[in-house]
Amino acid sequence: MAAPMSADRFVNALRHEGLTVVEVGAWRTHNRNHKGPWGPVHGVMIHHTVTHGTARTVQLCRDGHSALPGPLCHGVIAKDGRVHLVGYGRANHAGAGDSDVLAAVIAEKRLPPDNEATTDGNRHFYGFECENLGDGKDPWPAVQLDAITRAAAAVCRVHAWNARSVIGHLEWQPGKIDPKGFTMDSLRERVSERLK
């Protein structure tokens with residue numbers, strides 16, 4: 001059981017992992033905490049945005065839209081590898097997911113199939129949205145994949161988690177496909193290597 005790290009510690013952890021961080025507005029206090037608690041935190045969730053263009057993607061993830069208010073994540077990982085921080089606290093990124101998956105993340109064990117959506121993921125996960133159309137054709141530049149790895153590893157390092165604490169949205173909520181274009185097992189392998 002882990003309390004979320006402070007916003008200052010979060011940004012410092014990302015920079016210490018070698019990432020270029022862009023702070024967007026008053027990201028430290030931009031959150032959905034009035035809708036419920038954030039924490040205890042148990043893992044890192046990776047998404048793709050289904051968008052093109054960094055400026056538009058960052059704005060959408062910060063502000064959200066009429067059906068889903070922002071922030072939609074904590075950090076947006078652009079194709080150039082920069083991490084744009086858009087919010088900190090509860091964010092509308094994970095939605096409801098599988099309690100058995102959460103139990104496996106907490107235990108840092110292999111994930112079971114996600115077959116229900118009964119547990120509040122926004123409370124329990126850090127979220128990174130990664131700029132990509134999510135069609136399986138839009139490329140994932142090496143610099144972006146490296147940044148995703150470093151961002152996930154940075155959070156895991158602070159909390160003394162292993163790579164099993166990093167999951168994809170598709171592993172959490174039935175019907176989700178993100179991130180599409182690389183496997184979560186391959187990402188966890190890269191995170192594990194960084195954490196050695």
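Between S186 and S99, 0.36 nm times their residue separation minus their Cα-Cα distance comes to what?
29.0 nm
Rolling a 1.4 Å probe over the protein heavy atoms gives region 144-196 an accessible area of 41 Å² per residue.
Amide H contacts of A2 (H built 1.01 Å from N, in plane; Pro and chain starts excluded): V41 sit under 5 Å, all sequence-distant by 5 or more or on other chains. Computing semi-axes √(5λ) of the Cα gyration tensor in Å for the structure here picks out one of [x] 27, 21, 13; [y] 20, 19, 18; [z] 30, 20, 13, namely [y].
Residues of region 120-137 falling in the label zone of I177, defined by backbone nitrogen less than 20 Å from a point 7 Å along Cα to beta-carbon, are 129-137.
Available extension along the chain between A142 and K109 is 9.1 nm, counting 0.36 nm per residue and deducting the alpha carbon span.
The trypsin sites (Lys or Arg not before Pro) of region 48-154 meeting both criteria, a DSSP state outside H, G, I, E and B (loop) and at most 10 other C-beta atoms within 10 angstrom of the site's C-beta, are K109, R110, K137.
Rolling a 1.4 Å probe over the heavy atoms of the protein chains gives region 4-107 an accessible area of 40 Å² per residue. Choose one answer from I77, I177, I46: the residue with the largest mean-square fluctuation in a GNM of the chain with alpha-carbon springs under 10 Å. Result: I177 has the largest fluctuation of those listed. Taking a threshold of 29 Å on the Cα-Cα distance, which of the pairs K35/K196; K109/K176; K137/K196 fall above it? Long pairs (Cα-Cα over 29 Å): K35/K196; K137/K196.
Seen through its C-alpha gyration tensor, with square-root eigenvalues sorted a ≥ b ≥ c, region 96-196 comes out oblate because a/c lies at 1.5 or above while a/b is not bigger than b/c. The charge dipole of region 41-196, taken about its Cα centre with unit charges on the Cβ atoms of Lys, Arg (+1), Asp and Glu (-1) only, comes to about 460 debye.
Considering only protein heavy atoms and a 1.4 Å probe, what is the carbon-and-sulfur percentage of the accessible area of the chain? It is 52 percent, rounded to a whole number.
The values are calculated or read from the model by the stated rules, or taken from the named source; none is laboratory data. Bear in mind the structure is a predicted one, so any value in this text is a computation, not a measurement. All Cβ positions, glycine included, derive from the backbone under ideal geometry; neighbour counts span all protein chains shown. Note: areas computed on protein heavy atoms with side chains; ligands, DNA, RNA excluded. Shrake-Rupley method; radii C 1.70, N 1.55, O 1.52, S 1.80 Å.
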